[in-house]
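Step one of this worksheet: look at the structure below.
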Amino acid sequence: MRTRTLLTSAACGVVAVLGLAPAASAQSWRTVTMSRQLSGESQLDVEVNYGAGRFTVRPNDEGLLYDMELRYDEDVFEPVADFDGRRLELGVDNVGHNIHVGKGKSQGEMNLSLARGVPMDLTLEFGAVRAQLDLGGLALTDLDLSTGASESTLDVSELNSRRIRSASLEVGAADFTARHLGNLNADHIDVDAGVGKVSLWLNGEWQRDATVSIDMGLGKLELRIPEGLGIRLTKDSFLTSLDSEGLVKRGDSYYSLDWDEATRKVSIDLDAAFGTVDVIWVR
Amino acid sequence: MHMRSHKTALTGLTLIAAFLAAPLGAQERTVLSKAVSVGRSEASLELEFQDQERLDIALRDGSVYIDDQVVGAYQAGDDLDAAFRALLGQAVALDDGELADMLVAWTPPDDLPADRKALADSIDSSLERALTRPAQDAAATSETRSIRVEGSNDSRLLGALLSQAGRLGFLEEALSGLDDVQIHVQEDVTVDEGETVEGALLVVGGDVSIAGVVTGDVVVVDGTLELEETGEIQGDVRLADARFDRAGGSLRGEIRDLSEEEGTTVTNGRDVREMRDQIRSEIRDELRSELRNELRGRNDFSLGSGILNPFRGLFRAIGGLLENVVTIFLLGLVGMGIIAFAPRNLDAVAETARRAPGRAATVGLAGTFLLLPVYVLGMVALAISIVGIPVLIAWIPLFPLAAVAAGILGYVAVARNVGEWLSDSGYRYTDWIRRSNAVYTVFGGLLGLGLFFLVAEALHVVPFSGFFRGIFAFAGFVVTFAAVMVGFGSVLLTRAGRRPEFYPMDPEEAWRQAVDPELDDMDVGTEDPPDTATSGAGTDGAAKEDES
């Protein structure tokens, strides 16, 4: 018998409670659970859109292509789950004219799990959300992440089994943290941040030398770099302070002390307008 | 009679059906995807099977739907609603085999009221029928060869029925109450004129044409039944995934659509589904019509559709004109306030708008586009510094207010210029605008700027003038947009009139005008700042030029 996850049980309880008391809430909240069995998919384009609320993504171990739990205001949104064999589109669409903003109004939630091992080009677009994204274990061949005003954490907790040529992380006005970026297995990572605080953890298993481009508008950038990883930082900034502890300047770039001996090297091109850049070394 | 029939007893068929159904019932279909939706007014279950077929069951807004067909009614929170939601509560945590097992095993609670129990049984049977139906074999379904049941070859009959195993659920219902049945599987049947078939006639996967007499029921599964002009069916017609084309003839019983699990009587021979679709279409059209009428009634200020309809255009025109006049009046009041409390600022802005309208419009346009970025960047810049947070509290409401105030100041300044121009123009109806009084020029200018809108509203009284109303409304929009851009740009260039770009006149020129009231027009001085500040001559008095 298949093991039930705690999350699924909790969702079951939520559905039961919400369902048996249909008139308890004044707002038109709806809870939807959608899932689809794996049926030999080989390569997918997966696009996930979510507007506002809590948003989680994690890998799925239960033989499902996806398992999505949504709680949304049915006056404003409608769920989307389209699959044509090659392209999978998940999330919500805005159908209403009014979006409730304010305390107690944006309690929507989307919990999504995606199949491990199925190669996929993953596009994640979300707006004003609190996101917890664990992409570890997914077989990503491409990653495009775009977020608006959010508080988001991206974690690649396990090594991506596929190689990504270029991963794109586009962050608006956000508090954004990305951990284990080395596990993305990407040749190039492009980070475009508007306003806010961005923390990039360059830990993980780097499979080869890589480049990271960071375009930062206004705010604070935190680079957490594991000891032993060779770093070359090239900065092109206007009014940006750089705390370059552990880096030495050679020519136009800053280098880690062990740059020449490092087995894996990451070159960072930083273009920042206003703000601060902190380099923090972690064991 | 061209029938190739095999006559058998009902008991024999029932035994075969039972024999077939037993092993198939244990073979649930693969559930490829599921969607469980629970809201205040809806609880639904959507299943998609491996063979692309679907089953949708929903309790929505008081109606019970099975595959988008209404099968009954319920009330939110009643026993049926609760029972179905409890079922969904179990379904949400299961997938594929376990989900199918659970759904097949589900039985409605025994304590449901009779009507709700019947609906719950319908849901239950739909689930069982969908989940125990084996997947359609593409090769088998696309097979076009005809299998004929001949003589008493039971093995051929068994084979033919096996190929139609997906329809055994219908067969059980189709055969209920029948005593003597002729069975035809995957073959066409014709009852010629003058022929009589004793008992019931069952055709699975074939077409039937009846010009003779059938003394019992006619049951058609996955086929077409044609009742010719001379044909007679003394029993009922039972259809499952079948069409009924009636060219005449006699039907003593009624028509039942087994796939819908509901009886439907057709009197004119048309197909049941066509009739149902037509009824739905009529209901839909009626609802749309009512909705349109309701919306029309709202737009007509609740005047209804009675005798006041001919005056609708007049009422609209009066309403629109009043709306515009009130707007102009309110803007005029604001203009009077500006004249009273900030005449020099108004002079400076108006002078810039008059002397450099192109530059002002460009700046206004650019400023309009930059408003939002400046607002947001200002908030961010203030938010990230502790010192800036108190300022941020004021910034959030005051910046939009300042932008609106700048727009109004600019518009009033442009209106004053327009009023002065109208005053000088000598038009017949602009005599009342006294150039020497800024209040008159502001009101006159506001009326002038809003003239296109006023005409557009007034045209409501003229029938079929929609096109011209649109033209005038568009012209009004262009004029207003240009005035706002020029005015806003002038406000930005002069820092709200605090730093004049152009000075109304040279001080010496002002002195000459003061001592010579006969001057007719004004020479607008120089762009170089004078040593001493000048008062707003344009507001306080008439500017006259020394022609000598």
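The values are calculated or read from the model by the stated rules, or taken from the named source; none is laboratory data. Just so it is clear, the model here is predicted, and its values are computed rather than measured. Please note: Cβ atoms are built from the backbone with ideal geometry, for glycine as well, and neighbour counts cover all protein chains shown. Only protein heavy atoms, including side chains, enter the accessible area calculation; ligands, DNA and RNA are left aside. Shrake-Rupley method; radii C 1.70, N 1.55, O 1.52, S 1.80 Å.
Mean per-residue shielding of peptide B:82-89 is 4, counting Cβ atoms of other chains within 10 Å of each Cβ. Taking the centroid of alpha carbons for each part, region B:46-114 and region A:261-275 are 56 Å apart.
Assuming a ≥ b ≥ c are the square roots of the Cα gyration tensor eigenvalues, decide whether chain A counts as rounded (a/c under 1.5), prolate (otherwise, with a/b larger than b/c) or oblate. Here chain A falls in the prolate category.
Kirkwood analysis of the Cα pair distances in region A:37-91 returns a hydrodynamic radius of 12.6 Å. Counting Lys and Arg as +1 and Asp and Glu as -1 over every other residue whose Cβ lies under 10 Å from the Cβ of B:ALA43, the net charge comes to +2. Taking a ≥ b ≥ c as the square roots of the eigenvalues of the alpha-carbon gyration tensor, region B:384-513 is classed oblate because a/c is 1.5 or more while a/b is no larger than b/c. For the residues of B:90-101, the average number of beta carbons from a partner chain within 10 Å of their own beta carbon is 5. Rounded to two decimals, the Cα radius of gyration of region A:141-283 over 2.2 N^0.38 Å is 0.97. Scanning residues 5 or more positions from A:ALA167 or on other chains, those with amide H under 5 Å from its amide H are A:HIS188, A:ILE189, A:ASP190, with H placed 1.01 Å from N in the peptide plane. Taking a sphere under 11 Å around the Cβ of A:ARG179 and counting the other residues whose Cβ falls inside, with K and R at +1 and D and E at -1, yields a net charge of -1.
Considering only protein heavy atoms, with the full assembly of protein chains and a 1.4 angstrom probe, order A:ASP215, A:ASP84 by accessible area, largest first.
The most accessible residue leads, giving A:ASP84, A:ASP215.
Estimated translational diffusion coefficient (Stokes-Einstein, Kirkwood radius over Cα pairs, 4 °C, 1.567 mPa s) of region B:329-431: 82 µm² per second. Give me the base-10 log of I(q)/I(0) for region A:76-227 at each q in 0.10, 0.13, 0.21 Å⁻¹, Debye formula, one uniform scatterer per Cα, rounded to two decimals. Log10 I(q)/I(0), no solvent term: -0.38, -0.63, -1.41.
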